[in-house]
Amino acid sequence: MQEIVTFALGYLLGSVPFGLVIVKMAGLGDVRSQGSGNIGATNVLRTGRKDLALATLILDAGKGAFAVVAAGLLTHWAPWPMALAGAGAFLGHCFPVWLRFHGGKGVATYLGTAFAFDWRVGIMIAIIWLLAAATTRWSSAGALAAALCAPVLFLLLGGVAFAVAAAFMTALVFYRHKGNIERIRNRTEPKIGQRKTT
Ligand code: G3P
């Protein structure tokens with residue numbers, strides 16, 4: 001029962017589309033009709049506003065972390081309700097009911113939940129993301145590399161519940177990055193901050 005409640009609360013929190021709201025509030029229109037069409041921080045950066053991209057990153061990660069911590073507080077830090085709250089927040093970001101289930105790719109929210117599951121793993125996957133993104137200049141490559149390592153790191157350090165949630169989120173991150181993977185293969189994926197998506 002606890003798992004159902006924390007999953008539902010996580011989903012509701014995760015479904016708040018911060019990137020969309022922030023860009024609209026800044027008077028820059030609908031971020032879904034710009035760049036890659038995604039509502040995440042990478043695409044908000046393509047509006048040319050670093051501050052809005054940073055705010056989107058912090059808020060999208062924050063909602064994932066908040067969902068997990070709130071579930072922990074409600075259940076005396078029981079791992080499965082926390083894992084389901086994180087997975088729920090991630091699903092809410094990717095498939096928000098408010099946007100007819102057309103949401104983002106979940107990377108920042110995944111990172112936030114990872115920090116809240118186990119801060120050591122959070123730091124490790126943030127470093128992997130930064131290194132891969134800085135080397136390739138592709139945000140998506142950083143996300144994919146970090147997502148690939150996360151379930152293994154959780155299995156080694158964070159426990160089975162978080163590893164299972166991470167494996168589920170990693171599978172969905174790859175699914176949501178189908179187009180990015182294709183563009184990486186074709187070398188047409190835009191570099192970080194590059195406005196045009198080919
Ligand atoms: O966090 C999403 C990122 O990995 C890719 O975003 O806008 O380039 O598809 P985008």
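No value in this document is a laboratory result; all are computed from the given coordinates. Bear in mind the structure is a predicted one, so any value in this text is a computation, not a measurement. Here the Cβ positions follow ideal geometry from the backbone for every residue, glycine too, while neighbour counts run over all protein chains shown.
Rounded to the nearest 20 debye, the dipole magnitude of the chain is 860 debye, with +1 charges on Lys and Arg beta carbons, -1 on Asp and Glu beta carbons, and the Cα centre as origin. Rounded, prolate or oblate: which one fits region 2-186, using the alpha carbon gyration tensor with axes a ≥ b ≥ c (rounded when a/c is under 1.5, else prolate when a/b beats b/c, else oblate)? Note, shape of region 2-186 comes out oblate.
Entry note, the chain: the mean residue ellipticity at 222 nm calculated from DSSP H runs of n ≥ 4, each adding -39500 (n - 2.57), is -22500 deg cm²/dmol after division by the residues and rounding to the nearest 500. Anisotropy class assigned to region 11-65 is prolate, per the alpha carbon gyration tensor with a/c at or over the 1.5 cut-off and a/b larger than b/c. In the chain, a dipole from Cβ-located charges (positive for Lys and Arg, negative for Asp and Glu) runs towards its positive end, and of LEU99, VAL173, THR136 it is THR136 whose Cα lies farthest in that direction. Distance between the modelled labels on ILE4 and ASN186, one decimal in nanometres: 4.5 nm (7 Å Cα→Cβ projection). Each of ALA83, GLY35, MET25 was placed along the dipole of region 2-186 (beta-carbon charges, centred on the mean Cα), and the one lying farthest toward the positive end is GLY35. Cβ crowding within 10 Å, taken as a proxy for footprinting-reagent exposure, orders LEU54, LEU156 from fewest neighbours to most as LEU156, LEU54. Report the relative contact order of the chain, percent, no decimals, based on alpha-carbon pairs under 8 angstrom and at least 6 residues apart. Once divided by the residue count of the chain, the mean separation gives 22 percent.
Close amide H partners of LYS105, meaning residues 5 or more places away or on another chain with modelled amide H under 5 Å apart, are ILE39, GLY40.
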